[in-house]
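Coordinate-derived values only; no laboratory data. Nothing here was measured: the structure is a model prediction, and the numbers come from that model. A quick note on method: Cβ atoms are made from the backbone with ideal geometry, for glycine too, and the neighbour counts reach across all protein chains shown.
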Amino acid sequence: MDLNLRHISHHYDEVEVLRDINLDIRRGQIVCLIGPSGCGKSTLLRLIGGLERPTGGEVLQSGEVPEGCLNPLTYIFQDFALLPWRTVEANVSLVLEDHDLSAAAREAIIADVLARTKLADFRKAYPRQLSGGMKQRVAIARALSVRPAVLLMDEPLSALDSQTRELLMDDLVDLWEKEQYTAAYVTHNLNEAVRLGHRIVVLSRRPGEIREIVEIDMPLSDRRSDNSELEAIQKRLWNLMREEALAADRELLDV
Amino acid sequence: MSDGLRESEGPESPAKPVPFRGGGFLPKPRRIVAPIVFIALIAFWEFGCRVGFISPLILPAPSEAFDAFMNLVRTGLLWDHLAASLQRLLIGWSAGTLLGIFVGTLIGLFSLARSGLQPLVSAIFPVPKIALLPLFVIWFGIGEGSKVATILFGTFFPTVIATYGGIDNVDRNLIRMGQSFGLSKLSIIRKIILPGALPAILSGARISAAIAIILLVAAEMIAAEYGVGAYILLAGSLMATDQLIAGVALLSLMGLVFAWLIGQAEKYFLKWR
Ligand SMILES: Nc1ncnc2c1ncn2[C@@H]1O[C@H](COP(=O)(O)OP(=O)(O)O)[C@@H](O)[C@H]1O
Ligand SMILES: [Mg+2]
């Protein structure tokens, strides 16, 4: 399934947050969205997934939804959004219970996604007993259980320490190698962007406009952190971002 | 500083431990203290009465109150009083709580209910229900109806407020998560909002149980043959202070049992915390 953003603009009351965003998210691609904080990345992601209506423009979906897909547009949140009163397996079960599945089918899905995220031993644990990285893996397992067509991730690794972040980034790469999922991935971490993104969309400061789209052809599995080509791209992105951040600072002083 | 290799034993002043400044501000329950305080107080009271510096006119000795209590047990009147009171409490409190949770949920979820009912609840909540007792007698009869109604109204309002307060405090991100996975409205209410509000609802139940016991005595002032409250009031009007103390101790015991039961419910339902 592809997503096409056509002339998306958005206001909160008087505040213009996004201006004329045109973007295609193609099947099997990870599109990273980066930009200074407050530029409207999270807002854009909410618009893409239908959690909010844009003031102007539209988000179109085209192409077939894959077989057995229960929730085409599925989020992974920065704060995990797990129900603290449900165990790991019950948190996954939550998003399956509204669908017409037999108990056995549901159980099979839960066992499968927990095995894929290496959580099989923690089925009966409550979220408070888990580390941040494990909580996010539960959230990833929950997202996988509905066989999404597009994953919408809002800074999924930002609440984690850097070692855990590396490990989970590897997991996301492995997973993509196996299943070629489609994703929109919001981050403020440029390293994550160059490691995971097939395309990197740089947004300007508020009101967010697309400043530049960087394509990286290198296969995800070849992207090591010491790769010089990636480092050059990361540096370019950094310069773009720094200009925006400096400009945003000056604007605040003017107000 | 000249000798970089030597880390300990500075030349100028001898090493001493860093003074401890943390800790405190975290009262923990110490199990044995409460019984000791309790027993010491009763022993002092009994001693005072025996020696005579507490006049029996002011306060009867604990042993006399205990005799009055045993008298209740012997005559079997204790069970009549307890049964009458517990029935009123249970019906009034559970009906008030269930209705309160229902109305509180409506106020918590729907704009129309919130705009219409919230001001009404705020207006009626602070009215002492005892003041309305004569009205309840006219509306619900002098029998059980008015007594149960007093307790019901008294427990209804705090439960409403606790429930919608709890719903207001449910993490919006969790609700948004539910929507993003396409859960039905009913599932979101049943599986996300109500469990999220449960801690607040249970602490509301604690408060309303205490209110129910307070109102029980008031409700039994009017034409009640049996009931702990009726027993206390009769003892009071006869100046039978030993019976009065026995009845009050009984009320306090009921309060402790209720609090314990709600504590168990909290342990069970909130074990995820
Ligand atoms: N629900 C909302 N109501 C009003 N303003 C909002 C709301 N959500 C976000 N904003 C504003 O929109 C701007 C963009 O926010 P956001 O999308 O969260 O930025 P980012 O994720 O890029 O940091 C911010 O200035 C924020 O204050
Ligand atoms: Mg954000």
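Place the peptides B:118-127, B:178-187 in order of packing, highest mean first, counting for every residue the other Cβ atoms within 10 Å and averaging per peptide. Could you put the intermediate results ahead of the total?
Numbers: B:118-127: 12.1, B:178-187: 17.2.
With the highest mean Cβ count within 10 Å placed first, the list reads B:178-187, B:118-127.
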- Rg/Rh of the range B:119-225 (Cα atoms, Kirkwood Rh), to two decimals, equals 1.15
- Within the set A:239, A:71, A:191, GNM on chain A using Cα springs under 10 Å gives the largest fluctuation to A:239
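With only Lys, Arg, Asp and Glu charged, each at its Cβ (+1 for the first two, -1 for the last two), find how big the charge dipole of the range B:110-206 is about the Cα centre; round to the nearest 20 debye. Display every interim value, and only then the final one.
Values: 9 positive and 3 negative charges, 52 e Å.
That gives a dipole near 240 debye.
Over the Cα atoms of the range A:113-255, what is the Rg over Rh ratio if Rh follows Kirkwood?
Looking at the range A:113-255, the ratio lands at 1.02.
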- Task: Give me the Debye-computed log₁₀ of I(q)/I(0) at q = 0.09, 0.10, 0.12 Å⁻¹ for chain A, equal point scatterers on Cα only, no solvent, two decimals.
- Result: -0.41, -0.51, -0.73
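What does the average come to when, for each residue of peptide B:31-43, you count the partner chain Cβ atoms lying within 10 Å of its Cβ?
Working: counts 0, 0, 0, 0, 0, 0, 0, 0, 0, 0, 0, 0, 0.
Mean shielding count: 0.
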- Note on the structure: Connecting every pair of Cα atoms under 10 Å apart in chain A and solving the GNM, the largest mean-square fluctuation among A:93, A:162, A:42 falls on A:162
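Could you size up the charge dipole of the protein assembly as shown around its Cα centre, putting +1 on the beta carbon of Lys and Arg and -1 on that of Asp and Glu, and report it in debye to the nearest 20? Before the final figure, lay out each step's value.
Working: 52 positive and 56 negative charges, 272 e Å.
Taking the Cα centre of the protein assembly as shown as origin, the dipole is about 1300 debye.
List A:222, B:80 from most exposed to least, where exposure is judged by having the fewest other Cβ atoms within 10 Å. Can you show the working numbers first?
Values: A:222 9, B:80 15.
Going from least to most buried by this count: A:222, B:80.
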- Normalise the Cα radius of gyration of the range B:42-191 by 2.2 N^0.38 Å (N = residues in it) and let me know the number. 1.61
- Report, ordered by chain and residue number, the lysines lying within cross-link reach of residue B:16, taken as a straight Cα distance under 22 Å and ignoring same-chain residues fewer than 8 apart. none
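Return the average number of partner chain Cβ atoms within 10 angstrom of each residue Cβ along peptide B:169-181. Present the calculation step by step, with values, prior to reporting the outcome.
Values: counts 0, 0, 4, 0, 5, 6, 1, 7, 13, 5, 4, 14, 16.
For this peptide, the per-residue mean of nearby foreign Cβ atoms is 6.
What's the magnitude of the charge dipole for the range B:57-180 around its Cα centre, counting Lys and Arg as +1 and Asp and Glu as -1 at the beta-carbon? Answer in Debye, nearest 20.
Values: 7 positive and 6 negative charges, 83 e Å.
With only Lys, Arg, Asp and Glu charged at Cβ, the dipole is about 400 debye.
Mean Kyte-Doolittle of at least -0.5 plus a Cα span of 30 Å or more along the axis: flag which DSSP H helices in chain B meet both, please.
Details: long enough: B:77-109 (48 Å, 1.28); B:144-168 (36 Å, 0.75); B:194-219 (35 Å, 1.92); B:241-269 (42 Å, 1.11).
Those that pass (Cα extent of 30 Å or more, hydropathy at least -0.5) are B:77-109, B:144-168, B:194-219, B:241-269.
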- Task: Please name which of A:136, A:149, A:197 has its Cα lying farthest along the dipole of chain A towards the positive end, using unit charges on Cβ (Lys, Arg +1; Asp, Glu -1) and the Cα centre as origin.
- Result: A:136
- Determine which lysines satisfy two conditions relative to residue A:178: a Cα distance under 18 Å, and not lying fewer than 8 residues away in the same chain. A:118
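Which pairs break 29 Å Cα to Cα here: B:129/B:271; A:41/A:135; B:129/B:267? Numbers along the way, then the final one.
Details: B:129/B:271 35 Å; A:41/A:135 23 Å; B:129/B:267 31 Å.
Where the Cα-Cα span goes over 29 Å, the pairs concerned are B:129/B:271; B:129/B:267.
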- At what distance in angstrom do the alpha carbon centres of the range B:192-240 and the range A:52-115 lie from each other? 47 Å
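Go through B:231-244, B:33-46 and give me the packing order, highest mean Cβ count within 10 Å leading. Before the final figure, lay out the partial values.
Working: B:231-244: 17.6, B:33-46: 11.4.
Packing proxy ranking, top to bottom: B:231-244, B:33-46.
Under the definition of partner shielding as Cβ atoms of other protein chains within 10 Å of a residue Cβ, what is the mean value for peptide A:81-91? Please report the intermediate quantities before stating the final value.
Numbers: counts 9, 2, 9, 7, 11, 4, 1, 0, 0, 1, 0.
Mean inter-chain Cβ contacts per residue within 10 Å come to 4.
Given the Cα atoms of the protein assembly as shown, and with Rh set as the inverse mean 1/r over their pairs in the Kirkwood sense, what is Rg to Rh to two decimals? Walk me through the numbers before you get to the answer.
Numbers: Rg = 33.0 Å, Rh = 29.0 Å.
Ratio of gyration radius to Kirkwood radius: 1.14.
Show me the helices of chain A, taken as full DSSP H stretches, that run 24 Å or more along their long axis by Cα and average -1.0 or above in Kyte-Doolittle hydropathy. Numbers along the way, then the final one.
Working: long enough: A:162-179 (25 Å, -0.78); A:228-254 (39 Å, -0.53).
Qualifying helices: A:162-179, A:228-254.
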- Note on the structure: Burial-style ranking of B:64-77, A:109-122, average other-beta-carbon count within 10 Å with highest first, yields A:109-122, B:64-77
- Global geometry of chain B, whether rounded, prolate or oblate, following the gyration tensor of its Cα atoms and the 1.5 cut on a/c: oblate
